[in-house]
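Undergrad: This is the structure, below, for whatever I ask next.
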């Protein structure tokens with residue numbers, strides 16, 4: 001069966017490769033900001049489903065996998081950091097605090113009008129960060145375009161004190177959850 005990843009994220013591509021699947025990667029061309037709900041879990045699910053169904057409409061014979069990751073602090077979603085200043089702002093808020101990371105995974109099977117969507121959650125605690133550390137990390141550029149303004153698989157991992165849950169959830173594609181979803185396909 002033809003498998004398509006509705007993402008061009010290098011991290012998601014790498015994680016899907018670890019599952020041993022043969023797949024193609026395509027840009028879903030979905031404006032994530034246009035898919036908003038006040039509930040973070042519902043929003044992640046809606047965004048992942050929108051990506052999967054958009055690509056499934058273009059690839060009707062393929063099994064389509066999509067994902068969306070949100071970082072939640074005190075009930076508020078910290079979306080993708082737009083620039084280094086946004087990274088600084090987010091890290092300042094996350095410093096010394098615990099936050100929730102949710103990654104929704106959507107699977108659209110050929111011939112289906114909707115997608116199966118599930119969510120995996122992880123709790124991340126940042127250590128107390130100094131202004132110099134925040135400036136250093138923001139200056140690397142790594143956090144730009146990342147939910148919450150950091151990448152746990154890169155230099156951002158040095159900011160983390162504890163991670164409770166699946167590390168791949170924080171990176172952006174919980175492969176064990178996806179494996180369970182794909183069983184029997």
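Undergrad: Picking from 145, 111, 156, which is most flexible by a Gaussian network model of the chain using Cα springs under 10 Å?
TA: Among 145, 111, 156, the largest GNM mean-square fluctuation belongs to 111.
Undergrad: Under a 10 Å cutoff between Cα atoms, tell me which one of 160, 152, 26 has the largest fluctuation in the Gaussian network model of the chain.
TA: It is 26.
Undergrad: Just 132, 166, 85 to compare: in a GNM of the chain, with alpha carbon springs under 10 Å, which one fluctuates most?
TA: Among 132, 166, 85, the largest GNM mean-square fluctuation belongs to 132.
Undergrad: Over region 34-136, calculate the relative contact order: mean separation of alpha carbon pairs under 8 Å at least 6 apart, over the residue count, as a percent.
TA: 31 percent.
Undergrad: Remind me, relative contact order of region 1-93 in percent, using alpha carbon pairs under 8 angstrom and six or more residues apart? Could you put the intermediate results ahead of the total?
TA: Values: 102 pairs, mean separation 27.6, N = 93.
With pairs under 8 Å counted, the relative contact order is 30 percent.
Undergrad: Mind checking the angle between helix 131-140 and the chain's longest principal axis? C-alpha axes, 0 to 90 degrees, to the nearest 10.
TA: 40
Undergrad: Please give the helix 84-94 orientation as an angle from the longest Cα principal axis of the chain, in degrees from 0 to 90, rounded to the nearest 10.
TA: Roughly 80 degrees, rounded to the nearest 10.
Undergrad: Over the chain, what relative contact order in percent results from Cα pairs under 8 Å that are six or more residues apart?
TA: 23 percent.
Undergrad: Follow-up. Calculate for the chain the 222 nm mean residue ellipticity that helices alone would give, adding -39,500 (n - 2.57) per DSSP H run of length 4 or more and normalising by residue count, nearest 500 deg cm²/dmol.
TA: Taking each H run of at least 4 residues, the total per residue is -9500 deg cm²/dmol.
Undergrad: Based on the alpha carbons, how large is the Rg to Rh ratio for the chain when Rh follows Kirkwood?
TA: Ratio of gyration radius to Kirkwood radius: 0.98.
Taken together, the values in this text are just the output of simple stated rules run on the coordinates, not laboratory data. These figures come from a predicted structure and were not determined experimentally.
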